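Engineer: Before I ask anything, here is the structure I am working with.
The values are calculated or read from the model by the stated rules, or taken from the named source; none is laboratory data. This one's a predicted model, so the numbers in the text were calculated from it and none came from an experiment. All Cβ positions, glycine included, derive from the backbone under ideal geometry; neighbour counts span all protein chains shown. Side chains included, ligands, DNA and RNA excluded: accessible areas come from the protein's heavy atoms. Shrake-Rupley method; radii C 1.70, N 1.55, O 1.52, S 1.80 Å.
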Amino acid sequence: MSLQVVTANRLDDGLVVFLTADGGWSENIDQARVADGKEAGNALLAEASVPELDIIIVGPYLIEVEQQDGGLVPTKYREILRTKGPSVRQDLGYQAG
Amino acid sequence: MYRYDDFDRQLVLERTEQFREQVERRLSGDITEEQFRPLRLMNGVYLQLHAYMLRVAVPYGTLRADQLRQLGYIARRYDKGYGHFTTRQNIQYNWPKLDEIPDALLDLAKVEMHAIQTSGNCIRNTTTDQYAGAAADEIEDPRPYCELIRQWSTFHPEFTYLPRKFKVAVTGSANDRAAVKVHDIGLRMHHNDAGEVGFEVIVGGGLGRTPFVGKTVRDFIGKNDLFSYLEAILRVYNRFGRRDNKYKARFKILVHEIGIEEVQRLVEEEWNLIKDGSLRVDDAEIAHYIEQFAPPAFETLTDDDAEFERRKAENREFANWVRSNVIAHKQPGYAIANVSLKPIGGIPGDATDTQMELVADLSDQYSFGDVRVTHEQNLVLPHVKKADLFSLWAELKNANLATANLGYVSDIICCPGLDYCALATARSIPLSQRISERFSDLDRQHDIGELKIKISGCINACGHHHVGHIGILGLDKRGKEFYQITLGGDASENAEIGKIAGAGFSEAEVVDAIESLVTKYLGIRETGERFIDTYRRVGMDPFKEVLYGDR
């Protein structure tokens, strides 16, 4: 089974975030806590879906990732775009640095 | 142009304040996302791939200079310095912060703008011909009727929770530039046998996952009776439209399932009960709204301007712009100038804050402060003196707004696609960029002539691919983007839904595929034929052959 992380959008500014090891939310996917396997993935999502987080984030869900060059890269193109920003505006989003 | 009365002003300010409170309650945890979502959608706020998106209404595509200037300010103050004009004649901002949106809405309210009826299952903003009040071929300016529809539909208590969204489009010209046949209701102005002006009423058109060309439910409805008739249609939809399945909830599905004759029977039955009631609008009231859209103070001019002709003869670039982007005006000595938001290799429909401010200034200077947004994602200065066209063009050119491509292959309709949209299955903007670069040579574009390419990044068809002469639909195939081509679509008065050519193409293959279709057309066209004419004459097979050969 593949590696997974939880992603969501932050409530106040709407930006893409990832659930981290300490239970916080980071804009950097490399800081995401990784779950290995279906059971671990479901547990991670359950942790991200508790009602108390409703004032921090919106719409948490699991995405599949791979380890690449010491970082985490989503397997689906849609999610790669979310970690970077619009491919047609490389001056915007996280890719702009 | 129509100005808000006290009632409109109060209504928008109250809505803005209500939404501010709703946002505060959401941020403080008093309401959940589940409770908040329908409220934000009633105020044009979506959550997209990277951030929130705010869709601002431009009712019937008409803007004043001060309004467009404010849209530029909002792009800079609350977004990242740009906005995206859409196929619904609206503008979308891609990066607003939820906690700042109430302030943005208040800034919009200062120039009589809002985000009402831009989302949710209500009657959406009415769209119309971008050349309304200017076109040489129109019977009457359709905007007084659009404004009356706006007043009838805004916060209509009976139609706030429809089965699904509902779109109305109006054309005042036989040459349909508003795609009325692919809306829930399309209104086509025409004369009846007695010489009176009224509307043909077309219902059940639409694009999306189940596209249909609308059907005529009534050949002619008089102006006084239009609003009670619309009410009757909405009542039939509200009562019988399906609520059990989101994908079968649009009016077009009802019209298709029970048939146009049954829809007609139900509507007429309902209309007979209400036609003499309060929705009958008398001539004096209609005249009041026609007055609100009275033509600006045109000068009396001859239609020939020697200076304009000289500039055209001397400057090929200017002449090319006039050839494609300037359209005949009803007033002698004036013209309609289209401002292309499709620079070669650019993002269709995007405009920067400073471009919006410049067009606002130019409209003040040259077009009575009147600007239009087109459903093909361009802007229009509707009332420009021919003698001013050269100066206008020179200023547009300095701001990269004078691309001479209106109606040509590089004037592509394109949705935001997977670069921005949470619903998309593939990107659409990069394809439009590569196609426009492939066909960037203007002589080649002239040779090809009118060719409407329309690209959607998912089956919801915001990029109108079903009615593109060549349509492209982006899909996801096992995690990779691929693109399906449709041919023969048409959004005009001869509306047709395009047919799928065959198996899809990879991102790497699709631009070559489009070029092969164009090359085939050039090889087999007869004199005077556009791509769509040739397609209609020869059918799918010759085009299929160049796409697939023996495949």
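Engineer: Can you give me the ranges of the strands (runs of 3 or more DSSP E) entirely in the stretch B:17-110 with at least 2 residues that are in contact (Cβ under 8 Å) with a residue 60 or more places away in the chain and open to solvent by 30 Å² or more (accessible area, probe 1.4 Å)?
Structural biologist: Per the criteria, B:45-47.
Engineer: Here is a further query. Criterion first (among the polar types (S, T, N, Q), part of a loop (DSSP other than H, G, I, E, B) and within 30 Å of B:Phe7 (Cα to Cα)) does B:Gln151 satisfy it?
Structural biologist: No, not satisfied.
Residue-wise test of (1) under 14 Å from the mean Cα position of the chain (by Cα); (2) open to solvent by less than 50 Å² (accessible area, probe 1.4 Å); (3) more than 14 Å from chain B (Cβ to nearest Cβ).
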position	(1), (2), (3)
A:Ala43	no, no, yes
A:Asp69	no, no, yes
A:Lys76	yes, no, no
A:Val88	no, yes, no
A:Asp91	no, no, no
A:Gln95	no, no, no
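Engineer: Sticking with this structure for a sec: Considering the stretch B:372-416 alone, what residues qualify as being of a type in the set (Val, Ile, Thr) and out of contact with any Pro (no Cβ under 9 Å at 6 or more places or on another chain)?
Structural biologist: B:Val373, B:Thr374, B:Val380, B:Val384, B:Val409
Engineer: Please work out which one of (1) more than 27 Å from B:Asn460 (Cβ to Cβ); (2) buried (at least 18 other Cβ atoms within 10 Å of the Cβ); (3) of a type in the set (A, V, I, L, M) is the condition B:Ala194 fails and give its number.
Structural biologist: Going through (1) more than 27 Å from B:Asn460 (Cβ to Cβ); (2) buried (at least 18 other Cβ atoms within 10 Å of the Cβ); (3) of a type in the set (A, V, I, L, M) one by one, B:Ala194 breaks only (2).
Engineer: Confirm whether A:Glu39 is over 9 Å from the mean Cα position of the chain (by Cα) and closer than 20 Å to A:Tyr94 by Cβ.
Structural biologist: No; evaluated as a whole, the condition is false for this residue.
Engineer: Considering only the stretch B:118-126, I want to know if a residue exists there that is within 26 Å of A:Gly93 (Cα to Cα), more than 14 Å from chain A (Cβ to nearest Cβ) and open to solvent by less than 10 Å² (accessible area, probe 1.4 Å).
Structural biologist: Yes, the stretch B:118-126 contains at least one residue that is within 26 Å of A:Gly93 (Cα to Cα), more than 14 Å from chain A (Cβ to nearest Cβ) and open to solvent by less than 10 Å² (accessible area, probe 1.4 Å).
Engineer: Now a separate question. Identify, by number, the condition in (1) at positive phi; (2) surrounded by fewer than 23 Cβ atoms within 10 Å (Cβ to Cβ) that B:Ile139 doesn't meet.
Structural biologist: Looking at each condition in turn, B:Ile139 falls short on (1).
Engineer: Taking the conditions exactly as written (buried (at least 22 other Cβ atoms within 10 Å of the Cβ) and not in a loop (DSSP other than H, G, I, E, B)), does B:Ser432 satisfy them or not?
Structural biologist: The answer is yes for B:Ser432.
Engineer: Among the residues in the stretch B:308-325, are any under 14 Å from B:Ala135 (Cα atoms) and in contact (Cβ under 8 Å) with a residue 24 or more places away in the chain?
Structural biologist: yes
Engineer: Report, ordered by the first and then the second residue, all pairs with beta carbons closer than 6 Å, sequence separation of six or more or different chains, a first member in the stretch B:530-551 that is in the same structural domain as B:Ala503 (by TED's automatic domain parsing), and a second member that is open to solvent by 70 Å² or more (accessible area, probe 1.4 Å) and outside any helix (DSSP H, G or I).
Structural biologist: Going by the 6 Å Cβ cut-off, the qualifying pairs are B:Thr534/B:Arg525.
Engineer: Tell me the helices (runs of 4 or more DSSP H) entirely within the stretch B:239-358 that contain at least 1 residues that are touching a Leu at 6+ places or on another chain (Cβ under 9 Å) and among the small types (Gly, Ala, Ser).
Structural biologist: B:316-325
Engineer: Does any residue of the stretch B:473-484 turn out to be within 14 Å of chain A (Cβ to nearest Cβ), under 15 Å from B:Pro430 (Cα atoms) and of a type in the set (A, V, I, L, M, F, W, C)?
Structural biologist: Yes, the conditions are met somewhere in the stretch B:473-484.
Engineer: May I ask you to say which residue of B:Asp447, B:Asp550 is at pLDDT 95 or above and open to solvent by 10 Å² or more (accessible area, probe 1.4 Å)?
Structural biologist: Residue meeting the stated conditions: B:Asp447.
Engineer: Can I ask one more? With the requirement that a residue be in contact (Cβ under 8 Å) with a residue 40 or more places away in the chain and within 14 Å of chain A (Cβ to nearest Cβ), what does the stretch B:485-517 give you?
Structural biologist: Matches in the stretch B:485-517: B:Glu507 only.
Engineer: Yes or no: the stretch B:458-476 includes at least one residue that is among the polar types (S, T, N, Q) and open to solvent by less than 20 Å² (accessible area, probe 1.4 Å).
Structural biologist: Within the stretch B:458-476, none of the residues are among the polar types (S, T, N, Q) and open to solvent by less than 20 Å² (accessible area, probe 1.4 Å).
Engineer: How many residues does the stretch A:19-29 hold that are within 14 Å of chain B (Cβ to nearest Cβ) and surrounded by 16 or more Cβ atoms within 10 Å (Cβ to Cβ)?
Structural biologist: Residues meeting the conditions: 1.
Engineer: For the condition more than 18 Å from B:Thr354 (Cα to Cα) and within 14 Å of another protein chain (Cβ to nearest Cβ), what is the one hit in B:Arg20, B:Arg9, B:Arg15, B:Arg25?
Structural biologist: The unique qualifying residue is B:Arg25.
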